[in-house]
2 protein chains.
Amino acid sequence: MRIGELSRITGVDIETIRYYEKLGLMPRPDRSPNGYRSYRPEHLERLSFIRHCRALDVPLTEIGRLLDFVARPAADCGDIDQLIDQQLTRVRARLKSMRALEKQLAALRTRCGRPHDAAACGILQELVAAAQGEACACHGNTSWTIGGRAASR
Amino acid sequence: MRIGELSRITGVDIETIRYYEKLGLMPRPDRSPNGYRSYRPEHLERLSFIRHCRALDVPLTEIGRLLDFVARPAADCGDIDQLIDQQLTRVRARLKSMRALEKQLAALRTRCGRPHDAAACGILQELVAAAQGEACACHGNTSWTIGGRAASR
DNA sequence: GAAAACCATGGAGCGGCTGCAGGGTCAAGC
DNA sequence: GCTTGACCCTGCAGCCGCTCCATGGTTTTC
């Protein structure tokens, strides 16, 4: 099977497949006489495994480690355990901060009712005030300019 | 105030401050005769604003847009509204998928009890099986190798 | 007067792709 | 036989939001 077919079946972009090969996550496939990559069912399997792990947000380096475990069935399983634990911890931490973030954004959203000038916009006022309260309770500049415009963008 | 002090007050890395300047988010400060950047309170304010938005996970490009609104108080507020809405939608979508992810990882975690060979590890078995079920119910290879090792990593 | 702390610039690197330039290969239709 | 279009190749640049580094100048402290 050529790379296009593999891509269609798995839903993985062609460039991404080649990228995985370059990283060494996918084994180098045989080549047809014309130089085209020629994949076998095992490649499909392996690519599916990688994508499944990516869907679980496992970094590519750790997927590499998992694949090593798969290759050495006698290895101790504790490391796999730990890897999943780490991932779970990461996800839970991120989840926590995102929940807080959602709350803040939702609160911010309610500050802006119907159309009006930006000068009167509760959202902007809130953002500016929060920033001022955060970093410098010291100098109390409450102007609307926040330090003027940048030179060029 | 020099860049180091600004960095200390705001907790923003020096390199990051210079980066924001390069992007045009921070206005170019005056320079001392020796070439050092010389910041005024407005810069502090503006940097705080940027960081506050970043803490809300607002992308730098959108922070730029917000700063534009701040500079043009007469602009219509609907766009700000929309910007926050978009952000909220993004965050909620991400939250949803992360909750699903946490569930999957937690389930995976319970599959591995005490120490044992990787060959018998429920986590790996689960991952491999899930990947196989996902992409190819068609060829049914259930070997443990997932397409062999890559050439080199 | 030496050492340490501070500042400058420009550029590379991170992860995980994605896109593009500039080519080669192959099958179908005229 | 020739064009069109789909497919494939390699290698390299770009995305985001920083972070780090090399190399060199300046200021402060002991």
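The values are calculated or read from the model by the stated rules, or taken from the named source; none is laboratory data. Source: prediction; values computed, not measured. Cβ placement follows ideal geometry from the backbone for every residue including glycine, while neighbour counts extend to all protein chains displayed. The area values use the complete protein model at the heavy-atom level, side chains included, leaving out ligands, DNA and RNA. Shrake-Rupley method; radii C 1.70, N 1.55, O 1.52, S 1.80 Å.
The criterion of being open to solvent by 20 Å² or more (accessible area, probe 1.4 Å), out of contact with any Gly (no Cβ under 9 Å at 6 or more places or on another chain), part of a helix (DSSP H, G or I) and more than 13 Å from DNA strand C (Cβ to nearest atom) holds for B:Thr61.
Being open to solvent by 40 Å² or more (accessible area, probe 1.4 Å) and touching a helix residue (DSSP H, G or I) at 6+ places or on another chain (Cβ under 7 Å) is the requirement here; does A:Arg18 meet it? No.
B:Gly11 passes every criterion in (1) in contact with a Lys or Arg (Cβ under 7 Å, 6 or more places away or on another chain); (2) more than 12 Å from DNA strand C (Cβ to nearest atom) apart from (1). The residues of the stretch A:6-50 that are at the interface with chain B (Cβ under 7 Å from one of its Cβ atoms), assigned to a helix (DSSP H, G or I), away from DNA strand D (no atom under 14 Å from the Cβ) and closer than 21 Å to A:Gly64 by Cβ, listed by number, are A:Glu42, A:Glu45, A:Arg46, A:Ser48, A:Phe49. Applying the condition of being modelled with pLDDT of 90 or more and open to solvent by less than 40 Å² (accessible area, probe 1.4 Å) to the stretch A:46-58 and asking which residue is nearest to DNA strand C (Cβ to nearest atom) yields A:Ile50. Exactly one residue out of A:Ala106, A:Ala75 is modelled with pLDDT under 70, facing chain B (nearest Cβ under 7 Å) and open to solvent by 10 Å² or more (accessible area, probe 1.4 Å): that is A:Ala75.
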